[in-house]
Every structure is written in structure tokens, then in C-alpha cells.
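Below you'll find the structure, written out as C-alpha cells, and then a few comments.
Bear in mind that the values in this text are calculations on the coordinates, not laboratory data. The model shown is predicted, which means the values in this text are computed figures rather than measured ones. We place every Cβ from the backbone using ideal geometry, glycine too, and count neighbours over all the protein chains shown.
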Amino acid sequence: MVSTARFNNLNVSGIAKKIQNAKSIILSTHKQCDGDGLGAMLGLYHALKKFGRQVRVIAVDEVPKKYKFLEPHVYLETFDKLHTPLAATDLCMIFDTNDRRLVEPLYSELEKNCREILFVDHHPILNQGPEPTPGSFIDTSAASTGEIAYFLIKQLGIRLDEKIARALYTSLAFDTQIFRFVKNSGNTHLICAELLEYERQADRIHRSLFANYTRKKVTYLGKVLSEVEYLAEDRIALLSLSLKDLQDHGLDMDDSRDVIDMVMSIETVVAAAIFREDGPDLYKMSLRSKGSLEILSIAENFGGGGHMFAAGALIRGTYKDIRERVVEQILARLDK
Ligand SMILES: [Mn+2]
């Protein structure tokens, strides 16, 4: 058993009190959910069921297939296929974002039905975007929101078990990419050491999250990686992904997520931008950077958000025009 005294002191007691006072609770996360938000809310779901609460887990849209080991089809509803209509609920907790726009169209319905909505998150509050609701818990020092869910479960005195541990471990392993991106804190490793007392198949989770490639996907990655455009002595990498290309390879949107991480693995690259075509003249931009090059403000300039070194936005316009504006802003920061 790992002593909690060794952890950084996260103040989650305010949220724990609200859970104690709530009979009915809804848990959710941002649209196109990932392993962090999904793992955090499913981990808390299993814990709160043991705690005797009425809990619903509602995702905005479909959960990617690679998470099927968490059995989302058993425990989770999607907004377009609710098992029963939304009803009056005491508390709603939204994980892994504090930007309500990323929870629409579900968010507007939650507002009508929930007495209180809180964001539980580790992304910085946006300078150019909606504010989180009062009482939200945002800790940018957490490497994943699963860590915050872990501290909540501990604060409530709920015993861990295999289901809770599997979901939380997924959250931590996903957002740190199996401990590549920890936040200069031992928290992630210490928490995982305890979770692994209950989850005996961590290697299976690692494979599901990061070694899930199909032959079609590898063919696709080979093609698009050969099309990367390099600028500024190979320090900047750019790539546009067409929807048709994904479809022609029999892939879906989630399959394009790994491309940017592969590009960022190139030693010389310090900033990368990937533009995935999501519709006619509509692009989902993903930005990543290394070291001290901050790119969140670029995403915010296009109405998006994220972390300091990993951010994104949905942008309308032609590729040529968007590319030019983004490159200009990356270059301006690169020279600083
Ligand atoms: Mn996250």
C-alpha cells in the first residue's frame, strides 16, 4: 500500500463534500472522448456505485473501439442513445475539459436538468473562451484527470477494486503515454503502483491503447508520414489529412490521433501542426510542441484550447489560408 502522505497535496475535499451531499450524479467528458476522460469517469462511476449513489455516465458521442476492455457498452450511455430521458439530477461532473463548448449538445441539456455542474480538469482555463462553472476543480499539475478521480475516491474512503483500478490506470497510462509525459511529480507512478495491486493486466491495457494498429492503419500511416512538410530547418512539421484518405483506408477519425505523436518523435521537430479535414473548408487542428515553446495561445486565437504544449481548434477556411496563419504564429514563437 502506498502512503498517500507521499503525494502532492491535492485539495479535492470540496468536491468530495458535494458528492457526499448528492443522491444522483451524472459523469461526462468532452466529445470524441479519450482514455483520460473515459477512464476517470468510469473509475469514479464504479466507486460511486459502491458508495450507494445513483450514477449515470453519459458521453457526448460514440466511444472509440479501442476502449472496449472498459466495457463502455455496459456502463455508459451516449447522448444520442440515452436509455432514459435526462431527469432532475443533483450533481454533474465533467472530466478532462473546462470548456463547455466541447460538451455540446449534451451540455445545454445538462444545464436544464442538473442542480450543479462542475468541471474536474487539468487544462489551463482559457483566456479566450468560456469560464468554468463556479466550484470547478482544475489542477494543471495533474498529469491526467484520472489522478484527480483517484484522490476523490480516496477522500471519500472508497476501497479500490479491479474495475476502478482498470479504469483509472487507463486514464493515467493514456495521458502520460505510458509515463512519457509526467509532470515532474512522482504522483503518476505512485498512484499506478497502487492501482497495479488490483489491475493485473497492465500490459493488456498498454496494447489496447497504443498497439492497436491494423494493417490498414499502418499502410495509412506510411502514406501520410511521407507527406509531412518540414519548415525552419526541420524544426516545424506540418501535415494535412483528408477525410477521403481516412475513409479510403477504412479508418475513422480516432485513427488519425497517433499521427501527430509520431511526427513529434522526430528529434529535430519542436512544433507540429496537423490539420484534419472534418468537412468542406473545416479543419481540426492539432498542435504539439516541445520544451518551452508554448502553442496554447495559437489554438486560442482560432477559438480552441488545450494544454500549454498540446492544444487544438476547429477552424473554418481553406487549407492554404489556415496553414499560412498558423505557420506565421509558430514562427513568431520559435524565434523568441
Ligand atoms: Mn487529459
Note, ³J(HN,Hα) from phi for the range 201-210, Karplus 6.51, -1.76, 1.60, rounded to Hz, x at Gly and Pro
10, 4, 4, 5, 5, 4, 5, 4, 7, 10
Would you mind computing Rg(Cα) / (2.2 N^0.38 Å) for the range 267-318, counting N as its residues?
1.13
Pairs of Cα atoms under 8 Å, at least six residues apart: use those to get the relative contact order of the chain, whole percent.
14 percent
Based on the alpha-carbon set only, what is the convex hull volume of the range 193-336 divided per residue, in Å³?
136 Å³
Classify the range 147-247 as rounded, prolate or oblate from the Cα gyration tensor: take a ≥ b ≥ c as the square roots of its eigenvalues, call it rounded if a/c is under 1.5, otherwise prolate when a/b beats b/c and oblate if not.
prolate
Given a cut-off of under 8 Å on Cα pairs at least six residues apart, what relative contact order in percent is computed for the range 215-334?
18 percent
In this structure, the FRET efficiency calculated for residue 71 and residue 336 from their beta-carbon separation, with R0 = 35 Å, to the nearest 0.05, is 0.15
Would you be so kind as to identify which of 184, 275, 253 lies farthest towards the positive end of the dipole of the chain, taking Lys and Arg as +1 and Asp and Glu as -1 on Cβ and the Cα centre as origin?
184
Per-pair calculated FRET efficiency, R0 = 25 Å: residue 140 and residue 324 via Cβ, rounded to 0.05
0.20
Let me see the P(r) profile for the chain: every Cα-Cα distance counted, bins of 10 Å, each bin given as a percent of all pairs.
5, 25, 34, 25, 10, 1
Unpartnered cysteines - no second Cys beta carbon under 4.7 Å - across the chain
33, 192
Quickly rank 275-287, 223-235, 175-187 as a protection proxy: mean count of other C-beta atoms within 10 Å, highest first.
275-287, 175-187, 223-235
